[in-house]
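Novice: Sending over a structure as structure tokens; questions will come in a sec.
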Amino acid sequence: MEEELPDQASLELRFHPLMQGSPLEFGTTYTLPNGETFEPRVFKFYCGQLSGQNARQLKQSTGDAYFLADAATPATMNIKTRIAAGTYQSFQFLLGVDSARNVSGVQSGALDPYKGMFWTWNSGYIFAKLEGRSPDATTPNNLVEYHIGGFRVPFNAAQTIRLQVADGAPLQLKAGQTIILDIDVELEKWFTGNYPLSIAANGVCMTPGELAWNISRNFSGLFTVTQSRVEE
Amino acid sequence: MKSVYYCTLFLLLFALMQWGISCTKNDDDKGKLQSIEFPKPAGWPDPVYDFASNPLTKEGVALGKKLFFDGRLSKDGNFPCVSCHQPFAAFATYEHDLSHGFNDQFTTRNAPGLFNLAWHSNFHHDGGITHLDLQPLAPITAPNEMAETIENVLNKLNADADYQKEFAKVFGSPEITTATMTKALSQYMLMLVSSNSKYDQVKRGQAQFDVNQEAGYKIFQEKKCNSCHAEPLFTNLEFMSNGLPLNPAFNDVGRMRITGSKADSLKFKVPSLRNIALTFPYMHDGRFWNLEDVYQHYNQTIPLSSVERSLLTEFLKTLTDEKMISDPFLTQ
């Protein structure tokens, strides 16, 4: 156990996956902005290297380096770690896994390869998974499978996600307190943004490379902080 | 006075050593281990494997060997690592272009011999695997090979009290994890060092080539085979295209499959020529049955007369390491 430092506070990210403004339900068919339909069944992503912007300094969190958020297990969508006390106007996390951890052997904890977020034949982590079905998919059984990852340049799909505190006013976090960010994760934005994604054209992405990287460029649009507060 | 000084110094050192020992993790579970120094042959380059992260011990190597020979790492119990990596074939699959996996399936590539792995920083013919510890996860989970999940393998191993005892001894915790299982396997595979062929003995001044072997070695050097098959590993560990056309049965583009770069199309990792007499058929898909086929393929770029071919073959046979393939500590 790490020692509790005197100036330590806590940071909690509460991810709320949504589709069309309502809490995501697996097994429900949704209409995407481009008119295609999609029934999601799996949504997971790595959230790592949390840090906060404190004045001009970036403060790294001191808890676990990586967490695996899985929409099927709501408890994993609340991520709690420790961070130095101070005044924060924004936070950030890596949606993905840094390249060093992709090449330095077998990792443990959230990054243990048995969790199924690892390509064994082409060493590297799957940073985010979105799976389901769609009548628009041209695949067998209409499967839609997006396994997004890849650490190799130029198609490194790990994306830094910035989280501005709600209202933009910096929050003061004292030792022992917890700052809680409620974050909407609008899953339809997986398909919109920098790279408009069509299920009919690209219903499957299972390897690192240009397509995975392009899809990852949409990720920053998924996350919006709706509320931020400090609790004792 | 002086003796008091030394006495104090000794006690201090002793106390420090005790402190060092008690600081190692889970020292209660960890038994007394016999450490092994990696047998790096004299004059060879430094290995790239990080031994500090996985210190070799006699017990760790033995545990890795047990795993390597254990069918429970596969879905139906029939496909231990050793089923495709046979000791008598220098840990390739003897006389097989492709190997057999779960449910009567073929692999899509020729199983390479396993030796001198401590010098490799990537694995597979396309180099897709970035660390030796990660390598076993690929065949374990490939549906046409061992066809199992990592989770199931760990469950099967953890249900075995003997394994738990051995893992506790080697790694300090009875719980078998992905990391400890693969570290044990690496310890075993790292010890497969091939450096005792006749060629090596000649290099060490312990033996002499006969005239044919000597002439073959000269051809090997003059025809610049060693520009790719560089001594002492007999590979430069790089990805090269040797002009083989795409095999339409697999459409295997090699290194490009990993990098996505067209410049890497049909490039495969240069295989070592060590133990080449045991590792036929040749090439990444085993398309050439014997050396004659290989010489024929290279006839465009490196033409050899039939006499030169025979002499070169005599030299290549001196690269067989009988000692490694029959070492009881590694093979039984």
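The values are calculated or read from the model by the stated rules, or taken from the named source; none is laboratory data. Being a predicted model, the structure only gives us computed values, none of them experimental. For neighbour counting, all protein chains shown are included, and Cβ atoms are generated from backbone atoms with ideal geometry for every residue, glycine included. SASA here: full protein model, heavy atoms, side chains in, ligands and nucleic acids out. Shrake-Rupley method; radii C 1.70, N 1.55, O 1.52, S 1.80 Å.
Novice: Please report, in debye to the nearest 20, how large the charge dipole of chain A is about its Cα centre when each Lys and Arg carries +1 at its beta carbon and each Asp and Glu carries -1 there. Could you put the intermediate results ahead of the total?
Specialist: Values: 17 positive and 23 negative charges, 92 e Å.
Charge dipole, chain A, about its Cα centre: 440 debye, nearest 20.
Novice: A:LYS80 to A:ARG14: extension gain in nm, 0.36 nm per residue of separation minus the Cα-Cα distance?
Specialist: Length gained, A:LYS80 through A:ARG14: 22.9 nm.
Novice: Simple spin-label model, 7 Å along Cα-to-Cβ: B:THR149 to A:THR73 in nm?
Specialist: Using points 7 Å along Cα→Cβ, the separation is 1.2 nm.
Novice: Suppose we compare each residue of region A:118-133 in its chain alone and in the full protein complex with a 1.4 Å probe; which ones drop by at least 50 Å² of accessible area?
Specialist: Residues shielded by partner chains are A:THR120, A:TRP121, A:SER123.
Novice: Next up: In nm, to one decimal, how far is the A:ALA55 label point from the B:GLU214 one, both placed 7 Å along Cα→Cβ?
Specialist: Spacing of the two 7 Å Cα→Cβ label points: 7.8 nm.
Novice: Given the whole protein assembly as supplied and a 1.4 Å probe, what does the accessible area of A:GLU231 come to in Å², nearest 10?
Specialist: Counting only protein heavy atoms, A:GLU231 exposes about 80 Å² to solvent.
Novice: Dipole of the protein assembly as shown, Cα-centred, from +1 at each Lys and Arg C-beta and -1 at each Asp and Glu C-beta, to the nearest 20 debye?
Specialist: Details: 48 positive and 60 negative charges, 225 e Å.
Result for the protein assembly as shown is approximately 1080 debye, rounded to the nearest 20.
Novice: Can you give me the Cα centroid spacing of region B:208-238 and region A:42-58 in angstrom?
Specialist: Each part reduced to its Cα centre gives a spacing of 53 Å.
Novice: Continuing with the same structure: Would you mind getting the accessible area per residue of region A:88-158, heavy atoms of the protein chains only, 1.4 Å probe, in Å²?
Specialist: Details: 2380 Å² over 71 residues.
Here the residues of region A:88-158 average 33 Å² of exposed surface.
Novice: Enumerate lysine pairs in region A:8-231 that are 8 or more residues apart or on different chains, then count those whose Cα atoms are under 30 Å apart.
Specialist: Close lysine pairs under the 30 Å cut-off: 17.
Novice: Of B:GLY77, B:GLY43, B:ASN247, whose Cα points farthest to the positive end of the dipole of chain B (charges on the beta-carbon: +1 Lys, Arg; -1 Asp, Glu; origin at the Cα centre)?
Specialist: Comparing the listed Cα positions along the dipole, B:GLY43 ranks first.
Novice: Hey, another quick one. How much FRET efficiency would the formula 1/(1 + (r/R0)^6) give for B:GLN332 and A:ASP98, where r is the Cβ-Cβ distance and R0 is 60 Å, rounded to 0.05?
Specialist: 0.90
Novice: In square nanometres, what is one fourth of the surface area of the convex hull spanned by the alpha carbons of the protein assembly as shown?
Specialist: Details: hull surface 136.2 nm².
The directionally averaged projection comes out at 34.1 nm².
Novice: Turning to a different aspect of this structure: State the extension gain, in nm to one decimal, for the chain segment bounded by B:GLU322 and B:ASP104, taking 0.36 nm per residue of separation less the distance between their alpha-carbons.
Specialist: Contour length minus the Cα-Cα distance gives 75.3 nm.
Novice: Semi-axes, largest first, in whole Å: what does sqrt of 5 times each Cα gyration tensor eigenvalue give for region A:8-231? Provide the component values of the computation, followed by the final result.
Specialist: Values: eigenvalues 177, 85, 43 Å².
Listed largest to smallest, the semi-axes of region A:8-231 are 30, 21, 15 Å.
Novice: Now for a separate question. With a 1.4 Å probe and every protein chain left in place, work out the accessible area per residue of region B:51-194 in Å², rounded to a whole number.
Specialist: So region B:51-194 comes to 34 Å² accessible per residue, rounded to a whole number.
Novice: Which of B:ALA159, B:SER195, B:ALA142 sits farthest toward the positive end of the charge dipole of region B:112-242, with +1 on the Cβ of Lys and Arg and -1 on the Cβ of Asp and Glu?
Specialist: The residue sitting most towards the positive pole is B:SER195.
Novice: Here's another thing I want to ask about it. Can you work out the FRET efficiency for the pair B:PHE69 and A:ALA200, with r the C-beta to C-beta distance and R0 = 45 Å, to the nearest 0.05?
Specialist: 0.35
Novice: Which loop-located trypsin sites (Lys or Arg not before Pro) does region B:163-237 contain, where loop means any DSSP state but H, G, I, E or B and the Cβ has at most 16 other Cβ atoms within 10 Å?
Specialist: Loop-located and lightly packed - B:ARG204, B:LYS223, B:LYS224.
Novice: Can you pull out the buried accessible area for chains A and B, both sides counted, probe 1.4 Å, rounded to the nearest 100 Å²?
Specialist: Summed over both sides, the interface buries about 1500 Å².
Novice: Okay, moving on. Kindly state, to the nearest 0.05, the FRET efficiency for B:ASN247 paired with A:ARG162, given R0 = 35 Å and r defined as their beta-carbon distance.
Specialist: The calculated FRET efficiency here is 0.15.
Novice: With +1 on each Lys and Arg Cβ and -1 on each Asp and Glu Cβ, and nothing else charged, work out how big the dipole of region A:116-171 is about its Cα centre, in Debye to the nearest 20.
Specialist: Charge dipole, region A:116-171, about its Cα centre: 180 debye, nearest 20.
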